[in-house]
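**Student:** Structure below; questions to follow.
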Amino acid sequence: MSYLLHIDSSSLGEASVSRQVARSFRDQWQGPVVHRDLAASPVPHLTAEGITARITDPARHTPEQAKAAALQDELIEEFLGAGAYLFTVPMYNLSMPSVFKAWLDQIIVTDRTLIFDGTSPVAGRPAVLISARGGGYGPGTPKEGLDYVVPTLEAVLGRAVLGLDVTTVIPELTMAPVTPALAPLLPLHKASMTAAHDKARALATTFGTPRAA
């Protein structure tokens with residue numbers, strides 16, 4: 001049976017805004033879920049053994065290559081088995097948490113999930129990317145152009161690499177309630193939070209039951 005693959009990467013646990021918005025999605029989801037919490041159980045960063053195992057006959061793998069290949073197989077099979085995806089990836093220092101980048105590096109493998117001369121096996125499957133951030137990075141803001149999370153992941157998860165049909169939800173100004181200098185932006189923060197939760201719930205309903213993988 002196909003399922004929703006939910007990948008969490010925030011280090012804040014229940015205090016994470018990204019996770020809270022993801023919960024609104026999950027509360028409306030009407031199908032099975034496989035949840036991988038990378039903050040609680042991080043996957044290792046890609047090693048030389050993991051790279052060389054991909055281009056070495058399995059019969060000739062060293063023990064280290066065999067272990068690395070087994071992990072990649074597990075993560076890739078879990079990824080390919082999903083019919084829909086939910087990624088919670090907050091902005092840390094203008095980029096994504098390193099645990100999420102490590103997961104991406106493990107599952108993006110040529111001729112398995114990355115196809116240069118054909119179509120990705122997950123092309124067109126729906127995905128929601130939830131990315132909370134402490135400030136505002138949209139058009140006209142002082143930090144416009146400094147978001148290296150959403151544009152990167154929309155490319156990697158979507159059109160440039162994996163081919164998923166990605167919809168992004170961005171709760172902004174999450175530092176406003178705890179940062180005096182941002183207090184004037186509290187109304188914008190509250191509006192952003194409401195919009196993010198509403199959009200997440202609506203997307204879960206739109207996705208419906210995950211399509212067969």
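**Student:** Could you grab me the full set of residues in the stretch 144-178 that are part of a loop (DSSP other than H, G, I, E, B) and free of Cβ contacts under 8 Å to residues at least 24 places away in the same chain?
**Tutor:** E144, G145, A160
**Student:** Here's another thing I want to ask about it. Scanning the stretch 124-171 for residues that are touching a Ser or Thr at 6+ places or on another chain (Cβ under 9 Å) and open to solvent by 50 Å² or more (accessible area, probe 1.4 Å), which turns out nearest to T113 (Cα to Cα)?
**Tutor:** The qualifying residue nearest to T113 (Cα to Cα) is E154.
**Student:** Being assigned to a helix (DSSP H, G or I), hydrophobic (A, V, I, L, M, F, W, C), within 15 Å of the chain's Cα centre (by Cα) and within 20 Å of Y148 (Cβ to Cβ) narrows it down to one residue among L75, L104; which is it?
**Tutor:** L104
**Student:** Can you name every residue in the stretch 1-18 that is part of a loop (DSSP other than H, G, I, E, B) and open to solvent by 30 Å² or more (accessible area, probe 1.4 Å)?
**Tutor:** Within the stretch 1-18, M1, Y3, S11, L12 qualify.
**Student:** Out of V109, V21, I need the residue that is open to solvent by less than 20 Å² (accessible area, probe 1.4 Å), in contact (Cβ under 8 Å) with a residue 40 or more places away in the chain and touching a Lys or Arg at 6+ places or on another chain (Cβ under 7 Å). Which one?
**Tutor:** Checking each option against the conditions leaves just V109.
**Student:** Looking only at the stretch 41-72, which residues are free of Cβ contacts under 8 Å to residues at least 24 places away in the same chain and outside any helix (DSSP H, G or I)?
**Tutor:** If the condition is that a residue be free of Cβ contacts under 8 Å to residues at least 24 places away in the same chain and outside any helix (DSSP H, G or I), then S41, T47, I55, T56, D57, H61, T62 are the ones that fit.
**Student:** Separate question: Can you say whether E49 is buried (at least 17 other Cβ atoms within 10 Å of the Cβ) and farther than 30 Å from D198 by Cα, as far as the supplied structure shows?
**Tutor:** Taking the combined requirement at face value, the residue satisfies it.
**Student:** Which numbered condition trips up R201, out of (1) under 16 Å from H6 (Cα atoms); (2) open to solvent by less than 50 Å² (accessible area, probe 1.4 Å)?
**Tutor:** (2) is the only condition that R201 fails.
**Student:** For the stretch 56-63, does any single residue satisfy the condition of being under 30 Å from A204 (Cβ atoms) and exposed (fewer than 14 other Cβ atoms within 10 Å of the Cβ)?
**Tutor:** No, because not a single residue in the stretch 56-63 is under 30 Å from A204 (Cβ atoms) and exposed (fewer than 14 other Cβ atoms within 10 Å of the Cβ).
The values are calculated or read from the model by the stated rules, or taken from the named source; none is laboratory data. What you are looking at is a predicted structure, and each value in this text was computed from that prediction instead of being measured. Using ideal geometry, Cβ is built from the backbone for each residue, glycine included, and neighbour counts are taken over all protein chains shown. Heads up: the accessible areas ignore ligands, DNA and RNA and are worked out on the full protein's heavy atoms, side chains in. Shrake-Rupley method; radii C 1.70, N 1.55, O 1.52, S 1.80 Å.
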